[in-house]
Amino acid sequence: MFEAEQAKALSAALEDMTAQLEKIAAEELELHRQVNPGGGPTPISPDAVAILSARMQIVTLTNAVMTIGATLNEILRDRIAERDMGLD
């Protein structure tokens, strides 16, 4: 069924995206530890503020996309379950 295939593809894409984001987060944390091993406050520049803002926007957008994807996935699975129970 087309909807089932789409739901499975969406689930796989979301899982892949989550794995990639987790990898990036781990790399960012390691980089931060290398740059600032003590973990204390560091001076912040305008460039750093812009980079941090961009990263926060990316995280917010990613969360929104994942929420939309998970909702669509749930809707498709519910439709499949309804069809399987004969509730078309």
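The values are calculated or read from the model by the stated rules, or taken from the named source; none is laboratory data. The shown structure was predicted, so the numbers you read here are calculated from the model rather than taken from an experiment. Quick reminder, even Gly has a Cβ in these numbers, built from the backbone with ideal geometry, and neighbours come from all protein chains shown.
The figures follow:
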{"read-out": "Residues (at pLDDT 75 or above and not in a helix (DSSP H, G or I)) located in segment 38-62", "value": "Gly38, Ser45"}
{"read-out": "Restricting segment 56-88 to residues that are acidic (Asp, Glu) and more than 24 Å from the chain's Cα centre (by Cα), the residue that is farthest from Glu15 (Cα to Cα)", "value": "Asp88"}
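Residue by residue, here is whether (1) loosely packed, with under 11 Cβ neighbours inside 10 Å; (2) under 20 Å from Met17 (Cα atoms); (3) not β-branched (Val, Ile, Thr) holds:
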position	(1), (2), (3)
Leu29	yes, yes, yes
Arg33	no, no, yes
Gly40	yes, no, yes
Asp47	yes, no, yes
Arg83	no, no, yes
Leu87	yes, no, yes
